[in-house]
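The values are calculated or read from the model by the stated rules, or taken from the named source; none is laboratory data. No experiment lies behind these values; they were computed from the predicted model shown. As a convention, Cβ positions derive from the backbone with ideal geometry for all residues, glycine included, and neighbour counts pool all protein chains shown.
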Amino acid sequence: MFEAIYSLPFFNVIQLLGLWVSQFRTYLTVYLSGSSILSPNFHAIAQAGEWQQCGGQRWSGASSCISGWTCTFSNEYYSQCLPLGTITGSATRPSATPMQAGIPTAGPSTQTGRLPALGWNHWNAYKCNITEAKVLAAASAFTSLGLKDAGYEYINIDDCWSLKTRDSKTGQIVPDPAKFPNGISHVASQVHALGLKIGIYSDAGTTTCAGYPASLGREDLDAKTFASWGIDYLKYDNCNVPGNWSDTENPPGGYWYNSNTAIRYRQMGAALAKQSRPIQYDLCLWGLANVWTWGARVGHSWRMSFDSSSTWSYIADIMSINVAHLSAVDFFSHNDMDMMEIGNGALSIQEQRTHFAAWVFMKSPILLGTNLDNLSTEQVSVVTNGELLAFHQDSQFGKPAMPFNASSSMQTTSPPEYYAGQSTKGFHVFITNTHSSTATKIFNFANVPGLGNGTFKLHDMWTGQDVSGTFFSSSIYPVNVTAHDTVAYLITKV
């Protein structure tokens, strides 16, 4: 197996240490409180399940796999549970080295990806057990649950959709006939007939994370194939990268756009740009290579860290990571906080509200990642909240909500608890309680960036109801927020 070789110098060491401290603080707090939450979560991560992450830099989850699966090294930042006997990598490296191949500069399509994607991805629900029937069931659920009406449109297929070998004559990746007996193009046609769009998965290495054919060195062929099938979205992963395509040191001048990592993604971006069909392009490289500094020149969104998990610690950690790079977010430019975990695991409804709200106010792509048939009415109401989605999908304001100094008594927390942003409807304040018990949160109207002087109305975006009373620039508003919950307000002038 070829190993991707990355070195720590290109990492933000302060951010890395902060993440470790944050995770340790979370576990220590739960332990000292004697909470019963720790025990089930601990046992849940004792062994990783099929295809799940099991190691890598900054990984704090399980480091061994269930019976019949082995924790397999992909690169310094990612190990994954694969079936015993799985062979990863490729017997032959792409013949071209990065500098010999030429460096494409084509940018992403402007016909798609202006706003953060709304959709569904199969991985968290089904791992490698994906089929045509499950994909079409998700598409059908978009209509029956009101997700399509709320703005959700992408039905995305993740890893394991193909055979383990390419077609010997055409070189194309072949859909697994046992999983997709009618091919991907048939599924795409069915999804399109519902007024939805479809996504596919590949990898910028020799094989995908689960050991299926990847696209490094085959970008033009695969992009053409995907377009011919009617694909609208590509998630492009970062597993099994040959050493000659990885970065062992900072690029000259720290210019990561010309790093080997970026060039791998630029090659697929250039191949997509040649197609007549616009394809939204997500760079799934886990926050490496300072991707937020160059991602918008290559794709529409980019992962900011490693795989999500249905835990409060993940939600808090990815918020902490992402908040440092919110200045990169705008139209056609979105930091991807990974797939949603609503409907999975043991997250409280308050934690699920924060999960959704944070992805909304930071304007991350929102891709549901569960069996949609199992969502409760309350969970559906969270992910279809029209007022929060209107902020997320605003056509005139592309910037996310940013942390602000809400009051003189505000505590410093990681992640920050107070965020403010603007939309076509007015000004918004989002407040997250990062603590494990109910707390009173306070913000001064005078401190809300851009609000200015005047008389104001305060509106609860979760309930759709106005808060009683009239407010002024001098007003101070206190609110009790339950543990790990997020409140959301719209402020408008009267």
Can you spot a residue in the range 235-249 that is within 22 Å of the chain's Cα centre (by Cα), of a type in the set (A, V, I, L, M) and over 29 Å from Ser79 (Cβ atoms)? no
Index of the failed condition, Glu132 passing every other in (1) in the same structural domain as Tyr281 (by TED's automatic domain parsing); (2) within 23 Å of Cys239 (Cα to Cα): (2)
Look at Trp294 and say whether it is more than 13 Å from Ala106 (Cβ to Cβ), in contact (Cβ under 8 Å) with a residue 60 or more places away in the chain and in the same structural domain as Lys197 (by TED's automatic domain parsing). no
Any chance Ala488 is in contact with a Pro (Cβ under 7 Å, 6 or more places away or on another chain), in a strand (DSSP E or B) and under 17 Å from Glu387 (Cα atoms): no
So, first residue over 22 Å from Asp394 (Cβ atoms) and surrounded by 14 or more Cβ atoms within 10 Å (Cβ to Cβ) in the range 96-121, second residue at pLDDT 85 or above and of a type in the set (Lys, Arg), Cβ within less than 7 Å, six or more apart or across chains; the pairs are Pro104/Arg266; Gly107/Arg297
Quick one: what pairs do we get from the range 209-220, first residue assigned by TED's automatic domain parsing to the domain that holds Lys127 and within 20 Å of Gly269 (Cα to Cα), second assigned to a loop (DSSP other than H, G, I, E, B) and among the basic types (Lys, Arg), C-beta under 6 Å, 6+ apart or different chains? Pro213/Arg166
Considering each residue of the range 319-339, count those that are in contact with a helix residue (DSSP H, G or I) (Cβ under 8 Å, 6 or more places away or on another chain) and either under 13 Å from Pro415 (Cβ atoms) or of a type in the set (Phe, Trp, Tyr) (or both), and give that number. 7
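Every residue, every condition in (1) buried (at least 17 other Cβ atoms within 10 Å of the Cβ); (2) under 16 Å from Trp123 (Cβ atoms), yes or no:
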{"position": "Tyr152", "(1), (2)": "yes, no"}
{"position": "Asp158", "(1), (2)": "yes, yes"}
{"position": "Leu163", "(1), (2)": "no, no"}
{"position": "Pro175", "(1), (2)": "yes, no"}
{"position": "Pro181", "(1), (2)": "no, no"}
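From the set of residues in the range 183-205 that are among the hydroxyl-bearing types (Ser, Thr, Tyr) and either over 23 Å from the mean Cα position of the chain (by Cα) or surrounded by fewer than 24 Cβ atoms within 10 Å (Cβ to Cβ) (or both), which is farthest from Trp286 (Cα to Cα)?
Our first condition is that a residue be among the hydroxyl-bearing types (Ser, Thr, Tyr); within the range 183-205, this holds for 185, 189, 201-202.
Subset that is either over 23 Å from the mean Cα position of the chain (by Cα) or surrounded by fewer than 24 Cβ atoms within 10 Å (Cβ to Cβ) (or both): 185, 189.
Values: Ser185: 29, Ser189: 31 Å.
Step by step, filter the range 183-205, then rank; the result is Ser189.
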